[in-house]
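Below is the structure I would like to discuss, written out as structure tokens.
The values are calculated or read from the model by the stated rules, or taken from the named source; none is laboratory data. Values in this document were obtained by computation on a predicted structure and should not be read as measured data. Cβ placement follows ideal geometry from the backbone for every residue including glycine, while neighbour counts extend to all protein chains displayed.
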Amino acid sequence: MPQSLSVVYLHLVFSTKDRRPFLRDPVLRAEMHAWLGAASSELDCSSILVGGVEDHVHILARHGRTISQADWVKELKRTSSAWIKERDPALHDFSWQAGYGIFSVSASNLETVRIYIAGQEAHHQKQTFQDELRALLRKHDQTWDERYVWD
């Protein structure tokens with residue numbers, strides 16, 4: 001095969017530090033989601049959808065072949081933190097949690113995950129971020145230690 005090809009879809013989830021509601025303002029939240037989507041695409045990880053609520057984000061993307069998952073997340077967090085602090089100096093203490101969750105998504109399940117991310121506001125009227133992440137970990141057959149998941 002003369003060219004390299006990667007068709008890997010990922011669902012990335014991460015929270016603000018201590019789940020502080022920095023993204024409570026709907027306009028700011030929409031701008032952050034748009035910014036993260038554009039930044040992801042610039043990193044060769046084409047964004048399909050970015051969503052979330054006041055204390056966390058979900059990103060559905062086609063992962064590129066030229067960047068590691070860890071570097072992708074590190075750059076998204078680094079550059080978006082700088083962007084939001086420049087946009088609003090009152091958010092000088094904004095930061096993301098150190099950790100994150102990345103889950104694989106099959107092509108046949110893309111629409112289901114897209115709908116899930118699009119429905120975050122309604123979803124979180126019934127479930128906390130912590131319970132949501134625990135459910136995702138269970139769904140993907142992962143074990144975790146509560147001492148190291150939340151920061």
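Just to be sure before I move on: is F22 aromatic (F, W, Y), closer than 24 Å to T112 by Cα and either part of a strand (DSSP E or B) or modelled with pLDDT of 95 or more (or both) in the structure I sent?
no
Something else now. Enumerate the pairs (first residue in segment 125-139 and in contact (Cβ under 8 Å) with a residue 40 or more places away in the chain and part of a helix (DSSP H, G or I); second residue anywhere and surrounded by 14 or more Cβ atoms within 10 Å (Cβ to Cβ) and hydroxyl-bearing (S, T, Y)) with beta-carbon separation below 8 Å, excluding pairs fewer than 6 apart on the same chain, so at least 6 apart or on different chains.
Filtered contacts from segment 125-139: F129/S15.
Sort through L43, L110, L133, L60 and tell me the only one that's under 30 Å from L5 (Cβ atoms), of a type outside the set (D, E, K, R) and under 13 Å from the mean Cα position of the chain (by Cα).
Answer to the selection: L60.
Could I ask something else about it? Only one of S80, S108 is crowded, with 17+ Cβ neighbours inside 10 Å, at negative phi, hydroxyl-bearing (S, T, Y) and in a helix (DSSP H, G or I). Can you tell me which? Give the derivation first.
On the way: S108 fails: crowded, with 17+ Cβ neighbours inside 10 Å.
S80 is the lone residue from the list that is crowded, with 17+ Cβ neighbours inside 10 Å, at negative phi, hydroxyl-bearing (S, T, Y) and in a helix (DSSP H, G or I).
Restricting to segment 24-45, what's the tally of residues that are in contact with a strand residue (DSSP E or B) (Cβ under 7 Å, 6 or more places away or on another chain) and among the hydrophobic types (A, V, I, L, M, F, W, C)?
Summing the residues that are in contact with a strand residue (DSSP E or B) (Cβ under 7 Å, 6 or more places away or on another chain) and among the hydrophobic types (A, V, I, L, M, F, W, C) in segment 24-45 gives 2.
Then there is this: Any idea which residue in segment 2-56 is nearest to D93 (Cα to Cα), counting only those that are touching a His at 6+ places or on another chain (Cβ under 9 Å), surrounded by fewer than 18 Cβ atoms within 10 Å (Cβ to Cβ) and among the charged types (D, E, K, R)?
Per the criteria, the residue is R19.
If you don't mind, there's one more thing I want to ask. Whether any residue in segment 72-81 is closer than 19 Å to H33 by Cα, of a type outside the set (A, V, I, L, M, F, W, C) and in contact (Cβ under 8 Å) with a residue 60 or more places away in the chain is what I want to check.
yes
Please pick out the residue among H92, H63, H124 that is of a type outside the set (A, V, I, L, M, F, W, C), farther than 18 Å from R29 by Cβ and touching a strand residue (DSSP E or B) at 6+ places or on another chain (Cβ under 7 Å).
Residue meeting the stated conditions: H63.
Count, please, the residues in segment 39-77 that happen to be in a strand (DSSP E or B) and more than 19 Å from R114 (Cα to Cα). Let's see the steps before the verdict.
As a first pass, look at segment 39-77 and keep what is in a strand (DSSP E or B): 46-53, 56-63.
Add one more test, that the residue is more than 19 Å from R114 (Cα to Cα), and what stays is none.
Adding up the residues that qualify gives 0.
Which condition does A98 not pass, out of (1) within 14 Å of the chain's Cα centre (by Cα); (2) within 20 Å of L28 (Cα to Cα); (3) at pLDDT below 95; (4) loosely packed, with under 15 Cβ neighbours inside 10 Å, if it passes all the others?
It fails just one condition, (2).
Which residues, counting only those in segment 57-71, are crowded, with 20+ Cβ neighbours inside 10 Å and β-branched (V, I, T)?
If the condition is that a residue be crowded, with 20+ Cβ neighbours inside 10 Å and β-branched (V, I, T), then V57, I59 are the ones that fit.
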